[in-house]
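Input: a single structure, listed below in structure tokens.
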Amino acid sequence: MLPSPPQRDEHGRVIPHDHIDVLSSDGVIRRVNPQQHVVLDPKSETGKRISSIWLSSSTGVSVDLLRPIEEDGVDARKFVTTPVYVGSVKFIASDLRTAGFKIGFDPIAKDDPIDPENPYHGLLWGRLSSTRFKNLLAKAEWFVPIEGVALKQP
Amino acid sequence: MNAISGFRNSDSSVWNSREPVNNIVAFGAMHRIVVFDANYKWIKPTKDRLDELVSKLVPNWDGYGAKPVNFLNAHFAYQILEKVCLETTPPPSIVPGSAGDLQIEWHTNRMDIELHVLAPNKVHATLNLMMADGLIREEFIELENDFTKVTSWVKSLAEDDLAPIASAA
Amino acid sequence: MRPENLPEFRQPPLNEVALGVQFTPAPKYTQIYSRDVWRLFEGGYPIVQEQGALPPMFETFGFPTQPSIQFGLGNNAQHDRFWFIAPENNKLIQFQPDRLHLNWRKVPGNGEAYPRFDNMIVEFASNLLSLQKLMVDFGSPSLTCNQVELAYINHIPIEGESGALKPTDVLKLKSAQIDNADDFNIVYRRVLHDNDRKPKGRLTVECITALDSKATSILLLNLTVRGQPKQPTIDGAIEFLSDARNVIVNEFDSISTSTAHTLWNKVTS
């Protein structure tokens, strides 16, 4: 079942919130574009890793909420890699909250003038220090791995 | 500044150079040589990368409706780099954000430097430096137009005899 | 308001004065709406010309390096820069989605005196407020001013009507070689600080030899201040411009000679 609809401001933007229907044990997926999000780092196990800006945005970091996707009988791996987004990382909601993020629900309708339809779309609000970013990725796992890119940060 | 136009130091000065009424012939203009571009190895890859992020990054490039990098942010990023990079500074990685922002990054075996350009005059700068005892020193500062502090970080990077880091993209 | 101690010249050799603000473009504004912008100023500026857009400019601070050549980004569709020109051809409003400028220039033969900064800034503030009001319709509740610029461009005759003055007669140029040089080009830049000693902008002074349209040898003396306003608002921009005027006038006064001061009719109290 989808989380309850979020509150929006006068411009239709979701007001930052920590949604009660996103349970601590829920999976939260963040897609990775290997052409844009990956940087070279000699300290990394493979010499390549994900940039910290991938989890940083003043307007909220977009994610996919895994439980409602699965409850709808949708193939989650296929959903988050359609059409071209090769990689993705899975977090546990409690780890994100421990790192300081609020996890909100922000469904995007089919007729949205700007963003692509995504009924399972969520947003993360918060700012991570480098240390917290590394610690968070240490607890995360690849959902759809990208070959040659290390998830754990050096 | 427009070094090519030679005698104008103001972009907003228009009539002097283009209108027939006060048609000025500037002798000095023909003799100015811009050498800055030729020797700095970070410049060409950086220009190419910024150009790619502004004009070739397709909308929805992250799967969540992200926009290409904002034109003003790209220009501001370049003007930061002009003020913090030395001739020997390796080209940084430049990574787009989802809201038209971008991040300039250098990574070596001992250092991580990240400059997150959220908007013109709004930059979050982070340094991670591995100390001799193996501990990491993390420094975070919010900057507007003064990047003097970052020059010392980047200078250390250039002095580091480690392999330069190029953009992954 | 003109500060009391600011040097004043009754006949400055000004050829052009330009006030400018750079701001974040309104998200929903596109070139198709430029007619709405012209409508704001059409009464006083009925002539329109199209020019190429100026690239964004920012004064940043770090190593004291020279700025490089501009670089272009991409080949996407770009908005033009519009010139809205006064009938007398002496004033101009420049508009592009991230800039608004007001220029005055001396038109040879019309005898018009420089209208003075204190008058120009009143008009410019009004122009900015009008534009801000319009941009609300395009998703921008207020202009976010990220850079401000003031430029004074002087044409100083160094032969002919001034009686064959040498460059060092009017400017305190130190090199003994200057007067015998066929041409020269001198540029210096200085960081300007706010009260907290934080850099807020830069003064650029450029002095070069040139010929005007009558083939008279002149010194082209450009003084420009550009930087970030303390607050990114119209009020912040106006405050920056007022401070910039003081910097430019004081610099002009300090680098010019007493001979020049007499020639330009400096007011002595």
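The values are calculated or read from the model by the stated rules, or taken from the named source; none is laboratory data. Bear in mind that the values here come from a model prediction, so they are computed numbers and not experimental data. FYI the Cβ positions are ideal-geometry reconstructions off the backbone, even for glycines, and counts take in every protein chain you see.
Observations on the model:
- Residue within the range C:154-161 that is within 15 Å of the chain's Cα centre (by Cα) and either farther than 28 Å from residue C:235 by Cα or in contact (Cβ under 8 Å) with a residue 60 or more places away in the chain (or both) present: yes
- Just so you know, in the range C:145-195 the residues that are more than 11 Å from every other protein chain (Cβ to nearest Cβ), in a strand (DSSP E or B) and surrounded by fewer than 19 Cβ atoms within 10 Å (Cβ to Cβ) include one that is modelled with the lowest pLDDT, and it is C:190.
- In the set (1) under 30 Å from residue C:108 (Cβ atoms); (2) within 10 Å of chain B (Cβ to nearest Cβ); (3) in contact with a Pro (Cβ under 9 Å, 6 or more places away or on another chain), the condition left unmet by residue C:264 is number (2).
- Qualifying residue in the range B:73-86 (condition: in contact (Cβ under 8 Å) with a residue 60 or more places away in the chain and not in a helix (DSSP H, G or I)): yes
- Failed item, numbered, when residue A:50 is tested on (1) in contact (Cβ under 8 Å) with a residue 12 or more places away in the chain; (2) over 27 Å from residue B:106 (Cβ atoms): (2)
- Residues satisfying the stated conditions in the range B:44-67, i.e. facing chain C (nearest Cβ under 9 Å), without any contact (Cβ under 8 Å) to a residue 40 or more places away in the chain and crowded, with 16+ Cβ neighbours inside 10 Å: B:47, B:51, B:54, B:55
- Residue count for the range A:78-99 under the criterion of being touching a strand residue (DSSP E or B) at 6+ places or on another chain (Cβ under 6 Å), part of a helix (DSSP H, G or I) and at pLDDT below 95: the result is 1.
- Any chance residue B:113 is within 26 Å of residue A:134 (Cα to Cα), touching a strand residue (DSSP E or B) at 6+ places or on another chain (Cβ under 9 Å), buried (at least 21 other Cβ atoms within 10 Å of the Cβ) and without any contact (Cβ under 8 Å) to a residue 60 or more places away in the chain: yes
- When the range A:33-71 is limited to residues that are in a loop (DSSP other than H, G, I, E, B) and β-branched (Val, Ile, Thr), the one that is farthest from the chain's Cα centre (by Cα) turns out to be A:46.
- When residue A:74 is tested against (1) loosely packed, with under 15 Cβ neighbours inside 10 Å; (2) under 13 Å from the mean Cα position of the chain (by Cα), just one condition goes unmet, and that condition is (2).
- Residues of the range A:32-46 that turn out to be more than 7 Å from every other protein chain (Cβ to nearest Cβ) and free of Cβ contacts under 8 Å to residues at least 12 places away in the same chain, as a count: 0
- Output for the range C:206-227, where each listed residue is within 7 Å of chain B (Cβ to nearest Cβ), within 15 Å of the chain's Cα centre (by Cα) and touching a residue at least 60 places away in the same chain (Cβ under 8 Å): C:220, C:222, C:224
- Selection within the range B:87-130 - more than 11 Å from chain C (Cβ to nearest Cβ) and in a loop (DSSP other than H, G, I, E, B): B:88, B:90, B:91, B:92, B:97, B:98, B:99, B:101, B:108, B:109, B:110
- Which numbered condition residue A:28 misses (of (1) within 24 Å of residue B:116 (Cα to Cα); (2) more than 9 Å from every other protein chain (Cβ to nearest Cβ); (3) touching a helix residue (DSSP H, G or I) at 6+ places or on another chain (Cβ under 6 Å)): (1)
- On the stretch given as the range A:100-152, residues that are among the small types (Gly, Ala, Ser), in a strand (DSSP E or B) and more than 14 Å from residue A:54 (Cβ to Cβ) total 2.
- The range A:108-127: number of residues that are surrounded by 20 or more Cβ atoms within 10 Å (Cβ to Cβ) and of a type in the set (A, V, I, L, M): 2
- Any chance residue C:196 is without any contact (Cβ under 8 Å) to a residue 24 or more places away in the chain, within 28 Å of residue C:23 (Cα to Cα) and of a type outside the set (A, V, I, L, M): yes
- For the range C:230-244, residues that are touching a residue at least 40 places away in the same chain (Cβ under 8 Å) and outside any helix (DSSP H, G or I) total 2.
- Single condition residue C:203 does not satisfy, out of (1) within 9 Å of chain B (Cβ to nearest Cβ); (2) surrounded by 15 or more Cβ atoms within 10 Å (Cβ to Cβ); (3) without any contact (Cβ under 8 Å) to a residue 60 or more places away in the chain: (1)
- Selection from the range A:53-85 of residues that are touching a residue at least 12 places away in the same chain (Cβ under 8 Å) and on the phi > 0 side of the Ramachandran plot: A:60
- Filter pass, residue A:51 being at pLDDT 95 or above and closer than 23 Å to residue A:146 by Cβ: yes
- Looking across the range C:14-42, just one residue is out of contact with any strand residue (DSSP E or B) (no Cβ under 9 Å at 6 or more places or on another chain) and of a type in the set (Asp, Glu), and that is C:36.
- When residues of the range C:18-66 are limited to those that are assigned to a loop (DSSP other than H, G, I, E, B) and among the hydrophobic types (A, V, I, L, M, F, W, C), the one farthest from residue C:189 (Cα to Cα): C:26
- Residue, surrounded by the most Cβ atoms within 10 Å (Cβ to Cβ), within the range B:131-157, restricted to residues that are aliphatic (A, V, I, L, M) and away from chain C (no Cβ under 11 Å): B:157
- Any hit, the range C:132-144, residues being more than 26 Å from residue C:250 (Cα to Cα), aromatic (Phe, Trp, Tyr) and surrounded by 12 or more Cβ atoms within 10 Å (Cβ to Cβ): yes
- Scanning the range C:196-229 for residues that are modelled with pLDDT of 95 or more and outside any strand (DSSP E or B) yields C:228, C:229.
- Remark: residue C:158 matches the filter, which requires a residue to be over 29 Å from residue C:121 (Cβ atoms) and in contact with a helix residue (DSSP H, G or I) (Cβ under 7 Å, 6 or more places away or on another chain).
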